[in-house]
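None of the figures in this text is laboratory data; all of them are computed from the coordinates on show. Values in this document were obtained by computation on a predicted structure and should not be read as measured data. Positions of Cβ are backbone-derived with ideal geometry, glycine not excepted, and every protein chain shown enters the neighbour counts.
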Amino acid sequence: MRAFIIRRLFQTLITLFVVTLISFTLCMVLPGDPSLAVVGAEGASEEMIKAVRQELGLDQPIVIQYFKWLSALFSGDFGISIRTRVHVMTLFAQRLPVTLELLALGILFSLLVAIPMGILSALRPNTWVDTTGTVLAVSGVAMPQFFLGMLLILVFALWLGWLPSSGYVSPSESLVRNLLAMILPAISLGSVVAAEIMRQLRSSMLEVLNEEYVQTARAKGVAEFTVIIKHALRNALIPVVTLLGMRIGRLIGGIVIIEVVFSVPGIGRLLMNAVLFNDFPVLQTGVLLVAFAVTFINLLADISYSFLDPRIRHT
Amino acid sequence: MIFKLRPSLCFSALALAVLGVFALFETWITPYDPLAVEFLPLDPPGWKNPFGTDNLGRDVFSRFVAGARISFVVGLTSVFFAALLGILAGLTAAYFKKVQAVFMRVMDAIWAFPMLLLAMALAASLQPGIVTVIIAIALVYSPLFARLVYAQALSLLEREFILAAQAFGCKPARLLFTHVLPNLAAPVIVQATLTVGTAIVLESSLSFLGVGIQPPTPSWGVMIQTGYKWLEQAAWMSILPGMGIYVTVVSFSVLGDWLRIILDPKQLTRKV
């Protein structure tokens, strides 16, 4: 077990190193001169551009730039946004709570839908309940998130007028309005993962329900509800936990598009603006932090899986 | 199992055939020029324009048909290159133990980035347009194929027929491409079919965000993006392309599942 964790940790370290290389290279090939973005394309003298290039360290060889950037990262210095002249870390710290709230609500939504639907589909296989579940699951995976978001806006905001179509209200201002504004984004974000969890839970539930210990529990006269929730579901949830861990990366990817569709001022929108305005310190940091987060979550998912299922450790 | 899949399979095959015909014979099928501004803007669906017109007065159906071509071209070519890249990386890593760590860690690192974010950054780094989108999607999906090919090739390389070929003095390139690769064809084809749909979604997401296909080219993502601004007044602008993406993705995934069963009966019993 320890050897497995050490091996995975070592692999993760190498992956993270390559991640920093990719993040760095990506932004090196961004079109346009970032120094022009600082001084403005028109009316900038040669000296001004030169001074800015020196300030940003763009006049040095790329390898040196990379190591300087890397050592700055270790000391927690992520640079200054070219567009807003604010510390990148400050920008991220401001927006992180919004994105985390959206992520948490998205996961909550996917679990609230997927767990009951997955159980029902497994209990009544090949009935209309199961078919509805399958159709929903296929739709959830196939429907682009931004299109689903738009349909939700169309129906619930524009036609029915039940929920706001976009925007964000801080929870300190009004918790109710904050949650109301978050419902549609959370549904759009969680739909894909909900669909995948539903499918996974259905098949693992079906498998578990045929196990002998479930039969034994029934034979002992345990109430059916207890059999399903306490005996079957607990084991059927193991692969679901892992799946969720592995899919958080995909959820984070979806954040960008959902925040743009619903005008939520989180990290996704920040990154989108960084792309549009060529703000490479912000983009570089964002891409890097997200990839780091995903790598760590995957590592945790792997390790938790090996705790839950001993067969994995040796493969 | 195969029998049970039939209705959805028929529907998917039909849908892909229709959209494929749209993509191939775009210029003959579009009733009007997809780029020409020749009608009243925001005109609802009617006899002249069965799916209405957009904010500039272009025929939505003609743009939808032209968008089918873009989606298919991007989906198929990007997955082709992703598979090519993945196969090369996976085979090399499986055969040459020395480069294994480097190749697979690079693939892991690419996989660690959320696809959309990486594709977005890539697409923004290069000139926006169809070629960039194809390159970005191909790069982002290559680890999927690399991991698949690597895992399968590792176990194949242990098999007797490979050892026999090696004993006869078969060179690495010949060994990999004539003995190992054909045995990998089935899983790669299945994975490729399943990936085409998601690649089309990725393309439309990039175009929706403005870093993919650029307007006025009628990609489905671009159409939805424009339609989003007119959602309240003219929902028809975005519903048709959205449904186009949805149906295409469902169809490719049904087709992929069916191919999996057809090409690899072993997997069926193993999975159930």
D for chain A, whole µm²/s, Stokes-Einstein with Kirkwood Rh over alpha-carbon pairs at 10 °C and 1.306 mPa s: what number?
-> 71
Quantify how strongly other chains surround peptide A:271-283 by giving the mean number of their Cβ atoms within 10 Å of each of its Cβ atoms.
-> 3
Packing-based ranking, highest mean first, of A:207-218, B:191-202 given that Cβ atoms within 10 Å are counted | B:191-202, A:207-218
For B:Tyr141, B:Tyr95, order by how many other beta-carbon atoms lie within 10 Å, fewest first | B:Tyr95, B:Tyr141
Binned at 5 Å starting from 0, the alpha-carbon pair-distance distribution of region A:165-315 in whole percents comes out as 2, 8, 12, 13, 14, 14, 12, 9, 7, 5, 3, 1, 0, 0
Taking the mean number of other Cβ atoms within 10 Å as a proxy for protection, how do you rank B:124-134, B:243-253, B:158-168, A:70-80 from highest to lowest?
-> B:243-253, B:124-134, A:70-80, B:158-168
Region B:176-272, relative contact order [Cα under 8 Å, separation at least 6], % = 30
Which of A:Gln200, A:Leu270, A:Ile14, positive extreme of dipole for chain A (C-beta unit charges) = A:Gln200
When only Cα pairs under 8 Å and 6 or more residues apart are kept, what is the percent relative contact order across chain B?
-> 24
To the nearest whole number, what is the average tally of beta carbon atoms from other chains within 10 Å of the beta carbons of peptide A:286-299?
-> 3
Summing -39500 (n - 2.57) over every DSSP H run of at least 4 in chain A, dividing by its residue total and rounding to the nearest 500, the 222 nm mean residue ellipticity is -24500 deg cm²/dmol
Measuring from the lowest to the highest alpha carbon on each principal axis, how far does the protein assembly as shown reach, largest first, in angstroms?
-> 80, 63, 57
Determine the relative contact order of chain A: mean sequence separation of Cα pairs under 8 Å and six or more apart, normalised by residue count, in whole percent.
-> 26
Taking the dipole of region A:41-139 about the Cα centre (Lys, Arg +1; Asp, Glu -1; charges at Cβ), the one of A:Val129, A:Thr84, A:Ser71 that reaches farthest to the positive side is A:Val129
By average Cβ neighbour count within 10 Å, what is the ranking of A:82-91, A:258-267, A:184-193, B:24-33 from highest down?
-> A:184-193, A:258-267, A:82-91, B:24-33
Listing B:Ser12, A:Ser45 by rising number of other beta-carbon atoms within 10 angstrom, fewest first, gives A:Ser45, B:Ser12
Rg and Dmax of region B:145-256, Cα atoms only, in Å | 21.6, 72
Ordered by fewest other Cβ atoms within 10 Å, a rough proxy for footprinting exposure, A:Trp159, A:Trp128, B:Trp258 read A:Trp128, A:Trp159, B:Trp258
Can you give the charge dipole size of the protein assembly as shown about its Cα centre, rounded to the nearest 20 debye, using +1 on the beta carbon of Lys and Arg and -1 on the beta carbon of Asp and Glu?
-> 1900
Mean Kyte-Doolittle of at least -0.5 and a Cα length of 20 Å or more along the axis: which whole DSSP H helices of chain B meet both?
-> B:6-24, B:60-95, B:97-112, B:130-156, B:181-209, B:236-263
